[in-house]
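Only one structure is covered here, and it is reproduced in the block below.
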Amino acid sequence: MKAIVVGSGAGGATAARELSLNGFEVEILEAGGEFKPFTRRLSLVEPLRKMGLTRNEKNFSRFIPAYDSVRASQNLVLFRGIATGGSTVLACGNMVRAEHGLKEIGLDLKKEFEELEKLIPIKTFPRERWRPVTGAMYESAQQMGLNPAPTPKAVDSLKCISCGLCELGCSTNARWDSRRFLDDAKNKGAVIHTKSSVKRVLIEKNRVTGVMVGSGSGSKFVEADVVVLAAGGIGTPQILKSSGIPAEDRLWVDIVLTLGGVSEGAKQLKEPPMVWYTKEEDYILSPYIDILSHYLHKPWKNVSIDDRVGLMIKLADEEQGTVYADGSVKKDISLYDKSRLDDALKQAKEIMESAGVSGPFIPGVVNGGHLGGTTPLTKEDVPHMKPSWLPEGLWVADLSLAPRSQGLPTIMLASALALRVSRKIAENL
Ligand SMILES: Cc1cc2nc3c(=O)[nH]c(=O)nc-3n(C[C@H](O)[C@H](O)[C@H](O)COP(=O)(O)OP(=O)(O)OC[C@H]3O[C@@H](n4cnc5c(N)ncnc54)[C@H](O)[C@@H]3O)c2cc1C
């Protein structure tokens, strides 16, 4: 039985691994190339920053080809990884169970989470290696009654050199990413083709027959019995819509906004991002230097990276956004999201001030990198793990299935969903 898995990120790599272990002949089609982390010195980029040449988000892919940005509206930019490992290769390595909206549809992923937690080494990062400013903000949050806790991370602290550049790819292999699941799949015979962008799926008599890869004269048909779309929150609905199959206009992105303050010589970059977090009902606060805003955001230009201090808000946004067949996205920051961001900013400022961080306090670039929601599972879908409108043999196994935004790290959720979907595929056949 041949299965095509489209994408090799959190969902795709998990699905490829599981299907290979279950005896499927697996072919993984990945739009990006082999991932390579950023290994040059950041100081080399600093002169370009001073000249204002790093302000366009599209320039990021010059330094790291895997970094893809999509502008969703004037005030919101989305980031994703297009490479082997998908967005997991750009992740901070935070690994928590995110389950918003699952109980409401009767989906319990406890078993899958437990299994993933056994496969992925997860630990908190040693407190003695936090920067003093990060420890001081932790204590402020504690005094404010916010219950901060060290973040569970898939980062091996013995291999980690505290370069702070997790999101540019881990150059010492200290951080787990989904390429480790890809290796397991390859060991079981799976084959991966990089630079193979899937354009659409082909359907005959309401049954999938395969996919079209590439465009123009270079395009080709790849046949399969089963097609698993795991192209992420933008890629999956884009492929569906290009194939004449609907996807819902319910894109969520977990809006990220970092409040920047100043503390001379804080060197917050010399630790992994987000070593602790506070969990409110629909957002988290976490220490975060925000290199994207450092390079992209003009209002941050006068503070050096050594003196910059950041506290991030990650908010579960309203599920309203559209992905089009050409891959463009339309999503605004709703008034409700804006007002919750403003409240969280006040809280962040209070934590920073009582930790001795000074102003000017300037919010960074509003962005999102947890992309999902366009093929949301409903209560009726859960027994089949498949939205009802998908043709026979066509499955989705990524964050697109999650009906609600999380305001929390989402790798575990995407992987847990993909694990359950893959088992359902094997069971069905
Ligand atoms: C900068 C950043 C930091 C993050 N940090 C964390 C963190 O610390 N912890 C956490 O839990 N989450 C984090 N996330 C979020 C997390 O990485 C994603 O939510 C998760 O990877 C989503 O899994 P996915 O399978 O849905 O999509 P992805 O992992 O994005 O995988 C999609 C895959 O599909 C491929 N693809 C896209 N289109 C096509 C096509 N047409 N044909 C073939 N292949 C295609 C892509 O190249 C990619 O490999 C972060 C995200 C970003 C952007």
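One residue stands out in the range 6-39 among those that are farther than 21 Å from Ala66 by Cβ and polar (S, T, N, Q): the one that is surrounded by the fewest Cβ atoms within 10 Å (Cβ to Cβ), namely Asn22. Cβ-Cβ distances below 8 Å connect the following pairs, each with a first residue in the range 197-225 that is free of Cβ contacts under 8 Å to residues at least 12 places away in the same chain, a second residue that is within 15 Å of the ligand (Cβ to nearest atom), and a separation of six or more residues or different chains: Lys220/Met212; Lys220/Val213; Lys220/Gly214. Among the residues of the range 265-286, the ones that are of a type in the set (S, T, N, Q) and crowded, with 24+ Cβ neighbours inside 10 Å come to 2 in all. Looking at (1) free of Cβ contacts under 8 Å to residues at least 60 places away in the same chain; (2) part of a strand (DSSP E or B), which is the only condition Ser304 fails? With (1) free of Cβ contacts under 8 Å to residues at least 60 places away in the same chain; (2) part of a strand (DSSP E or B) applied to Ser304, the lone miss is (2).
Tyr295 passes every criterion in (1) part of a loop (DSSP other than H, G, I, E, B); (2) more than 24 Å from Thr410 (Cα to Cα); (3) in contact with a Ser or Thr (Cβ under 6 Å, 6 or more places away or on another chain) apart from (1). Residues in the range 85-138 that are among the polar types (S, T, N, Q), within 14 Å of the ligand (Cβ to nearest atom) and closer than 20 Å to Val256 by Cβ: Ser87, Thr88, Asn94. Given the criteria farther than 25 Å from Lys270 by Cα and part of a loop (DSSP other than H, G, I, E, B), does Lys159 qualify? When the stated conditions are applied, Lys159 does not pass them. State all residues of the range 127-145 that are surrounded by 13 or more Cβ atoms within 10 Å (Cβ to Cβ) and not in a helix (DSSP H, G or I); if no residue qualifies, say none. Result: Trp130, Arg131, Met144. All of (1) assigned to a strand (DSSP E or B); (2) within 14 Å of the ligand (Cβ to nearest atom); (3) not aromatic (Phe, Trp, Tyr) hold for Met274 with one exception: (1). Selection over the range 8-41 of residues that are over 15 Å from Leu419 (Cβ atoms) and either near the ligand (Cβ under 10 Å from one of its atoms) or of a type in the set (S, T, N, Q) (or both) gives a count of 9. For the range 409-421, the criterion of a residue being over 17 Å from the mean Cα position of the chain (by Cα), loosely packed, with under 15 Cβ neighbours inside 10 Å and modelled with pLDDT of 95 or more is satisfied by no position. So, in the range 380-418, of the ones that are in contact with a Leu (Cβ under 7 Å, 6 or more places away or on another chain) and in a helix (DSSP H, G or I), which residue ends up farthest from the ligand (Cβ to nearest atom)? It comes out as Ala416. Within the range 60-82, restricting attention to residues that are polar (S, T, N, Q) and more than 16 Å from the ligand (Cβ to nearest atom), the residue that is surrounded by the most Cβ atoms within 10 Å (Cβ to Cβ) is Ser73. For the range 198-225, the set of residues classified as exposed (fewer than 12 other Cβ atoms within 10 Å of the Cβ) and within 12 Å of the ligand (Cβ to nearest atom) consists of Ser215 only.
The values are calculated or read from the model by the stated rules, or taken from the named source; none is laboratory data. What you see is a predicted model, and the numbers here were worked out from it, not measured in a lab. Here the Cβ is made from the backbone with ideal geometry for all residues, glycine too, and neighbour counts use every protein chain on show.
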